[in-house]
Amino acid sequence: MALKDYLQRIAPHFQAGGRHARWRSLYEALASFAYTPGQVTSGLTHVRDQVSLKRIMIFVWLAALPAALAGMVNVGYQANSAIALVGLDPPAGWRGEIIAWLLAGHDPASGWDNLVYGAAYFVPIYVVTFVVGGFWEVLFAQLRGKEVNEGFFVTSILFALTLPPTIPLWQVALGISFGVVIGKEVFGGTGRNIVNPALAGRAFLYFAYPAEISGDAVWTALDGYSGATPLAIAAGATADAWSGASPLREIIVGGVGAVEAAGVTWWDALLGLRQGSIGETSILAILIGAAFLLYTRIASWRIMVGVLGGMVALAGLFNLVGSDSNPMFGLPPHWHFVLGGFAFGMVFMATDPVTAPMTEQGQWIFGLLIGAMTVLIRVINPGFPEGIMLAILFCNLFAPLIDHFVIQAHTRRRRARHEA
């Protein structure tokens with residue numbers, strides 16, 4: 001309560017005419033982060049609703065928390081398994097010192113060992129994302145004389161979860177800067193952006209620094225190494241052969257059998273026992289977040305079902321057509337669902353209310369297009385094995401047009417009924 005009393009006492013200094021009025025945006029950011037704003041709607045008639053923007057952002061952040069925790073545990077599991085099975089050295093540098101200080105060993109069967117190890121990689125990524133992105137948010141709010149919007153609270157966690165654990169921190173800063181400034185602020189800030197800022201930042205890194213972000217090689221959080229799964233290593237791989245391809249890349253070359261031969265089963269992919277970007281690995285954790293978002297009515301179930309339906313329909317069609325030269329034609333829908341970032345994009349990125357259609361029919365169309373386009377990119381263009389990121393960004397651009405045609409269709413039907 002002492003902090004709240006202090007904030008209320010100094011509030012007049014940050015209002016118009018106060019000696020610190022130019023820093024109002026910074027004050028509002030701190031005050032609204034710690035406590036519910038005290039402002040109320042003025043006027044004679046308004047809608048009273050308990051669901052504020054701040055509450056929505058907190059709910060989405062909480063929904064992403066299971067994926068973050070599962071991702072950290074998996075990062076530690078992958079690395080600790082490699083250390084235990086092959087005898088590779090633990091990471092050096094400041095991360096290694098932190099891990100060594102908190103851990104007695106590197107036991108892949110220990111949830112604590114895995115969590116601490118993964119946190120040593122994820123937490124710095126998230127801190128850099130939050131600090132750098134927050135700086136741009138405050139700067140633009142100051143320049144516009146507006147309050148700092150809570151939208152970045154969600155952008156920061158989603159952007160961090162789309163990254164691999166081994167990405168250099170300077171690239172994290174560069175990516176979130178692009179996402180916030182170019183993906184959102186140049187359009188006027190939260191509510192006016194036409195693409196998802198987190199995905200815009202991730203796409204920038206994808207094309208600017210493909211060696212670190214493209215997924216051609218899988219990521220294990222060991223300094224100097226990145227490569228095959230622990231199960232593959234246990235089967236005979238050595239530190240000298242510590243290299244490999246992501247599951248989607250394996251399928252492009254040898255189909256589902258190549259992934260299973262590398263030691264990754266469908267259940268491993270569902271639970272999160274595979275390498276990949278931090279937040280995309282555990283489909284089970286992502287589905288827990290999806291259930292929470294649907295229960296609280298924060299996310300659109302129409303978009304989620306549409307994305308899933310579009311994927312199943314086109315993947316099933318490719319399965320029927322088949323191909324002797326492209327194994328991706330034979331990838332069944334249930335494997336598309338658990339590989340790459342499909343589930344994460346379906347739950348957290350495609351359902352962004354700002355960049356998705358507002359009409360119910362538009363949400364169905366939007367979801368179906370994303371699901372179908374993801375499969376189309378994965379199967380037809382092996383140069384982009386992921387697909388979901390580009391599909392969502394492309395459909396973001398067409399969301400206003402989808403709403404326009406849906407509204408026009410409704411208008412024509414009402415006019416026809418009236419004239420009849």
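The values are calculated or read from the model by the stated rules, or taken from the named source; none is laboratory data. Quantities reported herein were computed from a predicted structural model and do not represent experimental measurements. Positions of Cβ are backbone-derived with ideal geometry, glycine not excepted, and every protein chain shown enters the neighbour counts. Only protein heavy atoms, including side chains, enter the accessible area calculation; ligands, DNA and RNA are left aside. Shrake-Rupley method; radii C 1.70, N 1.55, O 1.52, S 1.80 Å.
Kindly establish whether ALA84 is assigned to a helix (DSSP H, G or I) and at pLDDT 80 or above. Outline the logic, then answer.
Numbers: assigned to a helix (DSSP H, G or I): yes; at pLDDT 80 or above: yes.
Spelling it out, ALA84 is indeed assigned to a helix (DSSP H, G or I) and at pLDDT 80 or above.
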Report summary line: Residue hits (region 284-314; modelled with pLDDT of 95 or more, within 22 Å of MET373 (Cβ to Cβ) and touching a Leu at 6+ places or on another chain (Cβ under 7 Å)) are TRP301, GLY306, GLY309, GLY310, LEU314
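Considering only residues that are under 19 Å from GLY183 (Cβ atoms) and either without any contact (Cβ under 8 Å) to a residue 60 or more places away in the chain or in contact with a Cys (Cβ under 9 Å, 6 or more places away or on another chain) (or both), which ones fall in region 379-398?
Step one: filter region 379-398 for residues under 19 Å from GLY183 (Cβ atoms), giving 386, 388-398.
Within region 379-398, ILE388, ALA391, PHE394, CYS395, PHE398 meet the criteria.
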Query raised in the report: Tell me, which helices (runs of 4 or more DSSP H) wholly within region 258-339 include 3 or more residues that are within 24 Å of ARG55 (Cα to Cα)?
Result: 283-295, 301-321
Report task. Please go through region 72-88 and pick out each residue that is in contact with an Asp or Glu (Cβ under 8 Å, 6 or more places away or on another chain) and surrounded by 24 or more Cβ atoms within 10 Å (Cβ to Cβ). Result -> GLY76, ASN80
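Conditions (1) charged (D, E, K, R); (2) open to solvent by 50 Å² or more (accessible area, probe 1.4 Å); (3) modelled with pLDDT under 95; (4) part of a loop (DSSP other than H, G, I, E, B), marked per residue:
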| residue | (1), (2), (3), (4) |
| --- | --- |
| PRO165 | no, no, yes, yes |
| VAL172 | no, no, no, no |
| GLY175 | no, no, no, no |
| VAL180 | no, no, yes, no |
Report summary line: Within region 315-329, the residues that are within 28 Å of the chain's Cα centre (by Cα) and modelled with pLDDT under 90 are PRO327, MET328
Query raised in the report: Which condition number in (1) part of a helix (DSSP H, G or I); (2) modelled with pLDDT of 75 or more is the one that HIS13 fails?
Result: (2)
**Report entry** Members of region 184-232 found to be surrounded by 23 or more Cβ atoms within 10 Å (Cβ to Cβ), modelled with pLDDT of 90 or more and either in a helix (DSSP H, G or I) or not polar (S, T, N, Q) (or both), listed by number
**Finding:** LYS184, VAL195, PRO197, ALA198, LEU199, ALA200, GLY201, ARG202, LEU205
Query raised in the report: Just a yes or no: is a residue in region 107-122 open to solvent by 20 Å² or more (accessible area, probe 1.4 Å) and farther than 20 Å from GLN275 by Cα?
Result: no
